[in-house]
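Beneath this line is the structure, given in structure tokens, with notes to follow.
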Amino acid sequence: MVIVMKRILITGVSGQVGQAVYRLLSSNDEYKLYLTSRTPNIEYNIEELDISHERAVGTIIDRVKPDIIINCAAYTAVDLCESEEDKAYKINALGPKYLAMAAERTGAVLVHLSSDYVFDGKGSKPYIESDSTNPVSAYGRTKLAGENFVQENCNKYFILRPAWVYGQGKNFVKTMLSLAEAGKDIRVVCDQIGTPTSAIEIARVISFLIKTESYGIYHSTCEGSCSWYDFSVEIMKTAHKDVKVEPIKTSEYPTPAKRPMYSVLDNKALRERHNYLMKDWKEAFKEYWE
């Protein structure tokens, strides 16, 4: 029996989720992976692709003819987005639009990563997929525009909304640990509530969904919730760092971009359509640490 391998194009493979998706899918002999990033790497067969260039997107998709496109590329510097919204819009909104148009033209499935920042964070109960969006930052606005473009331009799509992502690369966990190593005082906001989510858990959701045709928007965060302060305490406890973490209010730590104060997401679509449960955030963090 001849096994026809599915061709999967991964954009932004150098990022946290991109790396996790690659590691998970590369062990599956049903898939042939094509890797792209803004910064190419010949050693790892990573080809250069800037998704904000429509012609470049069309050229590579016409050549590769992927069955599935997994878009992990994004401009995620939340504070910089405030002063560079045009740049963020090109990558977070126009990039997904070009991928969606190419996917529709070639019959590919598009998996696109969005964000909890599409919500304003003024709620007090976990957001479900159908709740009204109302971003309060440039990053959130550009990510929502990307969602809308995907829905308008292709029929076979999975839009995932993760939150508080950490994996291989620059992230909150490594920032906290570097502060601890430097012996610096650690002050962390305690009034922003969300759910730390490991990149590998997001990759597992993607791996699961691409085997289905149950298209649509999916919240994809670990279970449970905490504040950034709670997460910091858990990091120090797990790493056996005897350092003091001081809780502070958001008002004591002003940033250029406004953050959603409450961005806990309810993975209702995953649970009700597929009976799929992601790991509790503490369990997922323990796995990441080990």
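The values are calculated or read from the model by the stated rules, or taken from the named source; none is laboratory data. Since this is a predicted model, take the numbers as computed values, not measurements. All Cβ positions, even for glycine, are placed from backbone atoms using ideal geometry, and neighbour counts span all protein chains on display. Side chains included, ligands, DNA and RNA excluded: accessible areas come from the protein's heavy atoms. Shrake-Rupley method; radii C 1.70, N 1.55, O 1.52, S 1.80 Å.
Worth a mention:
- Selection count where residues are more than 23 Å from the chain's Cα centre (by Cα) and surrounded by 17 or more Cβ atoms within 10 Å (Cβ to Cβ), scope the stretch 169-189: 3
- Residue count for the stretch 240-282, restricted to those that are under 13 Å from Glu223 (Cα atoms) and either touching a residue at least 12 places away in the same chain (Cβ under 8 Å) or open to solvent by less than 40 Å² (accessible area, probe 1.4 Å) (or both): 14
- If you go through the stretch 56-66 and keep only what is open to solvent by less than 20 Å² (accessible area, probe 1.4 Å) and in a loop (DSSP other than H, G, I, E, B), you end up with just Pro66.
- Any hit, the stretch 130-138, residues being open to solvent by less than 10 Å² (accessible area, probe 1.4 Å) and either over 21 Å from Arg271 (Cα atoms) or free of Cβ contacts under 8 Å to residues at least 60 places away in the same chain (or both): yes
- Looking only at the stretch 17-31, residues that are assigned to a helix (DSSP H, G or I) and either among the charged types (D, E, K, R) or open to solvent by 40 Å² or more (accessible area, probe 1.4 Å) (or both) come to 4 in all.
- Test: residue in the stretch 35-55 that is in a helix (DSSP H, G or I), closer than 18 Å to Val150 by Cβ and in contact (Cβ under 8 Å) with a residue 40 or more places away in the chain: yes
- Among the residues listed as Ala138, Ala145, Ala182, the single one being farther than 23 Å from Trp281 by Cβ and in contact with a Cys (Cβ under 6 Å, 6 or more places away or on another chain): Ala138
- Pair list, Cβ under 6 Å, 6 or more apart: the stretch 11-34 residue within 20 Å of Ile60 (Cα to Cα), other residue part of a helix (DSSP H, G or I) and open to solvent by 60 Å² or more (accessible area, probe 1.4 Å): Val13/Tyr22
- For Tyr34, the requirement of being in contact with a Pro (Cβ under 7 Å, 6 or more places away or on another chain), within 23 Å of Ile200 (Cβ to Cβ), modelled with pLDDT of 95 or more and not hydrophobic (A, V, I, L, M, F, W, C) is met.
Rundown of residues vs (1) at pLDDT 95 or above; (2) within 16 Å of Leu9 (Cβ to Cβ); (3) within 17 Å of the chain's Cα centre (by Cα); (4) not polar (S, T, N, Q), yes/no style:
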| position | (1), (2), (3), (4) |
| --- | --- |
| Ile51 | yes, yes, yes, yes |
| Ala77 | yes, no, yes, yes |
| Glu82 | yes, no, no, yes |
| Asp86 | yes, no, no, yes |
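- Considering only residues in the stretch 245-290 that are among the hydroxyl-bearing types (Ser, Thr, Tyr) and under 19 Å from the mean Cα position of the chain (by Cα), the one that is farthest from Val189 (Cα to Cα) turns out to be Tyr276.
Residues checked against (1) in a loop (DSSP other than H, G, I, E, B); (2) touching a helix residue (DSSP H, G or I) at 6+ places or on another chain (Cβ under 7 Å); (3) among the small types (Gly, Ala, Ser); (4) over 21 Å from Asp191 (Cβ atoms):
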position: Cys81; (1), (2), (3), (4): no, yes, no, yes
position: Asp86; (1), (2), (3), (4): no, no, no, yes
position: Ala93; (1), (2), (3), (4): no, yes, yes, yes
position: Lys97; (1), (2), (3), (4): no, yes, no, yes
position: Leu110; (1), (2), (3), (4): no, yes, no, yes
position: Tyr117; (1), (2), (3), (4): no, yes, no, no
position: Glu129; (1), (2), (3), (4): yes, yes, no, yes
position: Arg141; (1), (2), (3), (4): no, no, no, yes
position: Lys170; (1), (2), (3), (4): yes, no, no, yes
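- Every residue from the stretch 87-113 that is crowded, with 21+ Cβ neighbours inside 10 Å and basic (Lys, Arg): Lys97
- Only residues that are in a loop (DSSP other than H, G, I, E, B), closer than 21 Å to Ala20 by Cα and open to solvent by less than 20 Å² (accessible area, probe 1.4 Å) were counted across the stretch 143-168, and they come to 3.
- Number of positions in the stretch 245-282 that are assigned to a helix (DSSP H, G or I) and either of a type in the set (Lys, Arg) or within 20 Å of Trp228 (Cα to Cα) (or both): 8
- Residues of the stretch 67-79 classified as assigned to a helix (DSSP H, G or I) and open to solvent by less than 10 Å² (accessible area, probe 1.4 Å), total: 0
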